[in-house]
Amino acid sequence: MIKTALKTKENLYYLGIPILVALFVIKKGKQFDPYHLLLFVLLMVFGYFVALSDIKTKTISNSIILLMLGAWVIVMVPKLFMDTYIGVLLLKNAILGFLIGGGLFLVVYIVSKKGLGGGDVKFMAAAGLYLGLRAVFSAMFFGTCLAAITGLILILLKRIGRKDTIPLAPFLYIGILLTVFSL
């Protein structure tokens with residue numbers, strides 16, 4: 001049965017999740033407190049599904065974003081009760097990350113006349129909760145630079161035209177991974 005499940009190409013994509021999480025825990029597990037470790041692992045898992053969804057369908061499911069938000073609340077509420085002072089500081093940082101991540105992408109979405117997808121805006125807002133103010137800037141910078149470079153290369157190779165789109169979430173996810181692994 002396992003051999004049958006692993007034979008399909010789509011199922012192989014999901015092997016990346018435990019591999020990434022294991023690498024992260026091995027490399028960074030001792031560096032973070034359990035709260036941040038859990039948040040970053042959750043962000044890696046949800047971000048993986050968002051990236052796959054965007055690659056396959058060029059859309060980001062609202063249900064994945066809602067699950068991301070719900071998981072963040074479930075992790076954050078106990079932190080507020082167990083250590084209120086630190087919890088409030090973390091909450092402020094998370095809300096700033098949410099506002100900056102979602103706000104900057106919302107401005108681009110409006111200015112570009114929907115050249116950026118609404119799912120990308122929601123994804124970066126939700127990711128901002130997990131990353132906080134400083135790290136969300138880094139993730140957005142890495143992700144958008146990677147997307148721009150890839151887009152230019154694809155245009156130069158004539159794989160896509162100037163008006164064609166590429167899914168942004170996978171690049172944002174790579175930006176998130178680069179940021180989390182470099183913290």
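The values are calculated or read from the model by the stated rules, or taken from the named source; none is laboratory data. This structure is a prediction, so every number in the text was calculated from the model and none was measured. FYI the Cβ positions are ideal-geometry reconstructions off the backbone, even for glycines, and counts take in every protein chain you see. All accessible areas refer to the heavy atoms of the entire protein, side chains included, with ligands and DNA or RNA removed. Shrake-Rupley method; radii C 1.70, N 1.55, O 1.52, S 1.80 Å.
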Once Rh is set to the Kirkwood radius over Cα pairs, what Stokes-Einstein translational diffusion coefficient, in µm²/s, holds for the stretch 39-87 at a temperature of 10 °C and a viscosity of 1.306 mPa s?
-> 134
The stretch 80-145 versus the stretch 13-39: alpha-carbon centroid distance in Å | 21
Accessible area in square angstrom per residue, the stretch 27-183, 1.4 angstrom probe | 55
With label points set 7 Å from each Cα along the Cα-to-Cβ direction at LEU152 and LYS113, the distance between them in nm comes to 2.5
Express the carbon and sulfur contribution to the solvent-accessible surface of the chain as a percent, rounded to the nearest whole number, probe 1.4 angstrom.
-> 73
Those residues of the stretch 80-105 whose amide nitrogen sits under 20 Å from the label point placed on CYS145, 7 Å along Cα→Cβ = 101-102, 104-105
Can you pick out the pairs among LYS28/LYS158; LYS28/LYS114; LYS92/LYS163; LYS56/LYS163; LYS28/LYS163 whose Cα atoms lie more than 31 Å from each other?
-> LYS28/LYS158; LYS28/LYS114; LYS92/LYS163; LYS28/LYS163
The Kirkwood hydrodynamic radius of the stretch 29-183, taken as the inverse of the mean 1/r over all distinct Cα pairs, in Å, comes to 15.9
1/(1 + (r/R0)^6) with r = Cβ-Cβ of LEU183 and LEU67, R0 = 25 Å, i.e. FRET efficiency to nearest 0.05, evaluates to 0.60
17 Å cut-off, amide nitrogen to a point 7 angstrom out along LEU99 Cα→Cβ, residues in the stretch 121-159 | 125-137
How long are the three semi-axes of the equivalent ellipsoid for the stretch 43-122, computed from the Cα gyration tensor as the root of 5 times each eigenvalue, in whole Å, largest first?
-> 27, 17, 7
